[in-house]
Structure formats: structure tokens, C-alpha cells
Amino acid sequence: MQYIAAGAAARPASWPYRHQVSDRAHGRKIAFAAFIRKALADARATRAWTGSEVSRRTGVSRQTLNRWVRGEWASDPEAERVVAFCEGLGISPTIAFGVLGWDRGTPARPTPNAPPMDPDVEALLRRLVDPNVSDAEKFHIRETIRYLAYRPIMPPNAGKRGKQAG
């Protein structure tokens with residue numbers, strides 16, 4: 001009798017309830033999970049985004065992201081969610097499609113070119129990924145960016161109040 005290793009115990013090959021997962025499907029899950037982990041790590045390192053922030057900006061729920069990271073999905077992820085995740089992080093969806101083994105030549109939606117980045121923002125991002133910059137300085141850069149990103153929007157005439165009185 002032929003045996004198949006399933007979990008910690010070996011079962012006969014004729015076991016009626018075994019879950020067949022091909023090596024190719026398992027490899028795709030591992031590769032996609034690694035892709036998602038790297039994308040999330042990059043978002044944390046370069047943008048200081050939490051998992052909740054990535055979820056908010058991409059429209060992909062945290063539960064789905066967690067399943068993707070663990071490789072716990074029974075069927076392939078929905079192409080629309082993969083595209084939304086990639087576009088939210090500025091990644092070409094064709095990379096994710098390639099990892100999943102999908103047709104790389106036809107992305108679900110064409111990806112627009114990213115607008116040119118402000119030189120000051122680019123300099124800050126370079127400092128955040130530079131291993132020679134101290135963790136304390138990186139912390140201060142991230143905190144300042146968070147403050148600026150989420151502070152209340154000032155009314156257009158807020159700076160003119162003092163000038164009108166005089």
C-alpha cells in the first residue's frame with residue numbers, strides 16, 4: 001500500500017479525505033506569500049504604513065492580506081484585489097500575476113505612470129532606507145511625516161487673519 005505524508009502522520013494513498021494540493025499550487029502560494037510579505041515590509045520601511053494603513057489605501061481587507069501572507073487560500077486571489085493591492089503600493093500588477101503564474105502579458109488594468117516625486121520627499125525616502133541613518137532619526141522623520149499627513153487642513157484664509165486686523 002502506498003502512503004502519503006499528510007501533516008504529522010502518514011496515511012494510505014487511498015485515504016478518502018485527503019486534500020490534494022499540487023506541488024505547483026503549493027509553490028505558487030509560497031511565492032505569492034513571499035511577494036506580499038516583501039510588499040508589506042517595503043510599505044512599512046519606506047512609508048511607515050501599518051497593516052491597517054495598507055488595507056485602507058489598497059481596499060484589500062486585513063483578513064485577506066493575512067490569508068495571503070500565510071498562503072492560506074483555497075482558490076486563487078481575485079485579480080481585482082491583486083491589482084488594487086499592487087496599485088495602492090505602486091507595484092506593477094504584472095509582477096504579482098507572474099508570481100501567481102497567470103498570463104503576464106495582459107494585466108487586468110493598464111498601470112498609469114507614477115507622477116514625478118518631489119525631490120525633498122525623495123531625499124526623505126532615501127534617508128529612511130539608508131542603513132547609515134540612525135533609528136532615532138528615522139523615527140523622527142516618520143513621526144513628522146505622519147503629523148503632516150494627518151493634521152487638519154487649514155482654511156485658505158487662516159494665515160490672513162492677522163494681516164486684516166492691521
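Assorted remarks:
- Scattering profile of region 36-107 at q = 0.13, 0.25 Å⁻¹ [log10 I(q)/I(0), Debye over alpha-carbon scatterers]: -0.34, -1.25
- Modelled label positions at LEU148 and ARG70, each set 7 Å beyond Cα in the direction of Cβ, lie 3.8 nm from each other.
Quick note: the coordinates plus some simple rules give every number you see, no bench work behind them. In this text the structure is predicted, and so the values were computed from the model without any measurement. Note: ideal-geometry Cβ built from the backbone for every residue, glycine included; neighbour counts use all protein chains shown.
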